[in-house]
Amino acid sequence: MGRSLLIIKPDAVERNLIGEILSRLEKARFIVAAIKMTKLDYDQARKFYAVHEGKPFLDELCKFMSSGPIVPMVLKSDGDTVAKIRELIGATDHKKAAAGTIRHDIAVSLTKNSVHASDSPQNAEQEINFFFS
Ligand code: CMP
């Protein structure tokens, strides 16, 4: 089975959408292999998003990601888990996300886009190790 990391971001936690997002993931037959609620400080968020160092949106993103609780989880499925999750969550920009995707239905802005998911199997392993030992 393949695996990936998904994070429910502070905007979705704040709006009581943890259950809604988990329900969509489970209905799509992903197995929740690990899950927790946690809060990052700004420096931890910078470390998590180190691949975006130098990007103009990084500061705003890290302020937001450290603004409240988040729910990281490890998801498993048959086949290409990373690609399947990214299809279910939709494009990074919710305005470009396909109808029926999590970001299309739930996200409020490019930064407050409700969920993060790993973009490659290699990054998935790094991101899983960041949150789960
Ligand atoms: P995420 O999947 O968490 O990965 C990086 C995040 O940066 C992304 O979702 C968005 O929330 C945020 N972001 C803000 N502005 C941009 C942008 N112009 N391009 C890509 N990501 C952006």
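Results, tabulated for the structure shown:
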{"item": "Residues of the range 1-41 that turn out to be in contact (Cβ under 8 Å) with a residue 60 or more places away in the chain, within 16 Å of the ligand (Cβ to nearest atom) and part of a helix (DSSP H, G or I), as a count", "result": "5"}
{"item": "Candidates Asp93, Asp80 - the one that is modelled with pLDDT of 95 or more, over 11 Å from Leu5 (Cβ atoms) and within 11 Å of the ligand (Cβ to nearest atom)", "result": "Asp93"}
{"item": "Condition met for Ser67 (under 11 Å from Lys9 (Cα atoms) and either assigned to a loop (DSSP other than H, G, I, E, B) or in contact with a Cys (Cβ under 9 Å, 6 or more places away or on another chain) (or both))", "result": "yes"}
{"item": "Condition met for Ser66 (of a type in the set (Ser, Thr, Tyr), free of Cβ contacts under 8 Å to residues at least 40 places away in the same chain, surrounded by 14 or more Cβ atoms within 10 Å (Cβ to Cβ) and in contact with a Leu (Cβ under 6 Å, 6 or more places away or on another chain))", "result": "yes"}
{"item": "Residue in the range 55-66 that is under 19 Å from Phe30 (Cβ atoms) and under 14 Å from the mean Cα position of the chain (by Cα) present", "result": "no"}
{"item": "Hits in the range 70-103 - residues which are in a loop (DSSP other than H, G, I, E, B), surrounded by 15 or more Cβ atoms within 10 Å (Cβ to Cβ) and not β-branched (Val, Ile, Thr)", "result": "Gly90, Ala91, His94, Ala97"}
{"item": "Enumeration of residues in the range 104-124 that are without any contact (Cβ under 8 Å) to a residue 40 or more places away in the chain and surrounded by 14 or more Cβ atoms within 10 Å (Cβ to Cβ)", "result": "His104, Asp105, Asp119"}
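The values are calculated or read from the model by the stated rules, or taken from the named source; none is laboratory data. Just so it is clear, the model here is predicted, and its values are computed rather than measured. Glycine also receives a Cβ, built like all others from the backbone with ideal geometry; neighbour counts cover every protein chain displayed.
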